[in-house]
Structure formats: C-alpha cells, structure tokens
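Undergrad: Can you read through this structure? Questions will come right after.
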C-alpha cells in the first residue's frame, strides 16, 4: 500500500510498483520515487519445514489500551513449558515468574485492576469495542496525569466510560452507569466533568434523538411511532424547547406523544421507567410539546376518529 499519486520529477502518473524490492518507479522518466515501501498486508511465510502446509504468521495481535501493557508485554515461560524442564531450572524459572509479577510500577498495578473493572462494566452495558478502547485510553491518560489520586478507581472508570459513550454517540445514561458500577450518579458526573476538563476532551451536548431507538425498542413501539418521535424532536429543537432540558426527558416525552398519536397507548409510568426519569418530568415535557408545537389539535383529531 502506498499513497504516492504522481512523480515529483515529471508529474507523471504512470508508476510501477515493485513489491519484491519495495520500490515505486516512474515509467516515464525512470525516477525511483520510493525505495523503502512498507507492506501493510499480512505476512505469510514458512519458517519451519514441518509446518509448511500451515503457514506461520509472525505479526501478532494489534496494540490495545484495554491491557495495562497495551498488549506488548511478555511473560517468563508458560506453565506447560516449565514442567518439561529439570527441577533446578524449573525452580529458577518459577522464581523469575514470581519476580516478574512483583516488579511492577504503581501505574501498572492500578491499570491491571481498573481495566478489568472497565471490561466488566462495558460488558454489562453491552458497549461496542470502540467505546471500550476509547474509555481505556482516557483512563490511562488520567492515571499518567495523576488524576486518580483522591478518587475511587471505580468512579474514574465510570467517568471515562461515560465520556467515551458521549464521544461515540452511544446513548447511555448516568443512571445506567451508576447501576452497572455501583457508584452514585452525582459522583460519576463530577468525576466525568473533572477528567474531561483536565484532559482537554471536547464533548458536544448529547442529542435526544440518540435515545429514541433504545426507548422505542424497550417499549415495543412500531417504526412509524419512532419516526414520528424523531420528527417531533426536530420541531422541538427548532422551537428551542430542548435547550436547558435533559435529553432523556425530552426524548421520552416525544416518544410518549408519538405513541398517543399512533394509538399505541403507554402509560407515563412505563415511559418514565424506561427512560430513567420521573413521571413529573414526562408530564412537564409533554405539556410543553403540546402547547408550543400545536400537537394538541392532532391528538383531538385522532380521538374524534377513534370515537367515530
């Protein structure tokens, strides 16, 4: 793979790629444009005669922040290999393994525990790998900057996960993170704001429309109801009804109104439980949507049709 589009000498685009020598040559003027071309593909070469049919690949796993050593660490011997040695050598390697576990920095020890907790919470919330990787990177930077001191490891992990969810537009609420981690909602929010401020992470306000699909799925509403709820939210944003209000509350209220319009009756209690807000919040947002967007007329028309 290379990114050279044309020859720097004659501006020609007739380039020849010699992958065996790692060179890129211009066929028009003969200039060797690149003589150290890097091959980014997989390496498939045989290094042992007995395994020629099963091609050996030496590339290894990619780097990942979800491991404390980013997947680059090595381990002194495997247990299966050690038992094949004599008693003297075996005891020697067992001591080496023991000291390998003992000799580690405070950051490494912290990351071992924290990243295991991060994987647990991420699995509980069913987050994608991209969010987990981003959260692990945020937590690693926080540890290296000394932001974990004076705070519980679990709260910083939850704050990093919430920040990663916001950056990747994966809708997860503070209540869900609180339930998964066992940390109070206020503590997670406080830690999240502190970590993002200190690390200079820019996060845009969450879009209420991101929560519609999840809430609609939990309430078992149709696709038409979901689409109408998104339309109501767009109208509410144009009318500036979403500013200064919680995204989950306004999303739940728009879904509640849309369900009434399409004749799929759901109680305010059911919608509030799914969204993680109170019935009062649903009721207040519901009244605002009816008054400002003239949805009351549409509801009355539907009630008349049902009455007929």
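Undergrad: Fully extended, how many nm does the chain gain between residue 35 and residue 123 (0.36 nm per residue separation, minus their Cα-Cα distance)?
TA: Details: separation 88, 0.36 × 88 = 31.68 nm, distance 4.61 nm.
Length gained between residue 35 and residue 123: 27.1 nm.
Undergrad: Sticking with this structure for a sec: Fewest Cβ neighbours within 10 Å first, please rank 294, 273 accordingly.
TA: On the way: 294 10, 273 14.
Fewest to most other Cβ atoms nearby, the residues stand as 294, 273.
Undergrad: Mind checking the full-extension length gain between residue 169 and residue 9? Use 0.36 nm per residue of separation minus the Cα-Cα distance, one decimal, nm.
TA: Working: separation 160, 0.36 × 160 = 57.60 nm, distance 4.58 nm.
Result: 53.0 nm gained on full extension.
Undergrad: Quick one: if the Förster radius is 22 Å, what FRET efficiency do residue 145 and residue 100 give, using the C-beta to C-beta distance and rounding to 0.05? List each step's numbers first, then the result.
TA: Working: r = 27 Å, r/R0 = 1.23.
My answer for the efficiency is 0.25.
Undergrad: Over all alpha-carbon pairs in the range 208-307, figure out the percentage whose distance exceeds 16 Å. Let's see the in-between values first.
TA: Values: 2430 of 4950 pairs.
Counting pairs separated by more than 16 Å, the tail of P(r) holds 49 percent.
Undergrad: By the gyration tensor of its Cα atoms, with a ≥ b ≥ c the square roots of the eigenvalues, what is the shape of the range 107-199: rounded for a/c under 1.5, prolate for a/b over b/c, or oblate? Kindly include the intermediate steps, with their values, before the conclusion.
TA: Values: a/c = 1.36, a/b = 1.23, b/c = 1.10.
Rounded.
Undergrad: Related question: Where does each of 167, 90 land when they are ranked from fewest to most other beta-carbon atoms within 10 angstrom?
TA: Working: 167 18, 90 15.
Going from sparsest to densest Cβ surroundings: 90, 167.
Undergrad: Using the reciprocal of the averaged 1/r over all distinct C-alpha pairs, how large is the Kirkwood radius of the range 63-220 in Å?
TA: Values: mean 1/r = 0.0572 Å⁻¹.
It is 17.5 Å.
Undergrad: Could I ask something else about it? Once the Cβ-Cβ distance between residue 264 and residue 185 is put in as r, and R0 is 25 Å, what FRET efficiency do you end up with, to the nearest 0.05?
TA: Numbers: r = 30 Å, r/R0 = 1.21.
After rounding to 0.05, the efficiency reads 0.25.
Undergrad: With a Förster radius of 45 Å, plug the Cβ-Cβ distance of residue 75 and residue 16 into 1/(1 + (r/R0)^6) and report the FRET value to the nearest 0.05. Intermediate results must be reported in sequence, preceding the final value.
TA: Numbers: r = 45 Å, r/R0 = 1.00.
E(calc), rounded to 0.05, equals 0.50.
Undergrad: Order these by the 10 Å Cβ neighbour count, fewest first: 111, 118, 293. Mind showing how you got there, number by number?
TA: Values: 111 25, 118 28, 293 18.
The order, fewest Cβ neighbours first, is 293, 111, 118.
Here, each number is a calculation from the coordinates, and none is a lab measurement. None of these values were measured; they are calculated from a predicted model. Don't worry about glycine lacking a Cβ; one is built from the backbone with ideal geometry, like all the others, and counts go over all protein chains shown.
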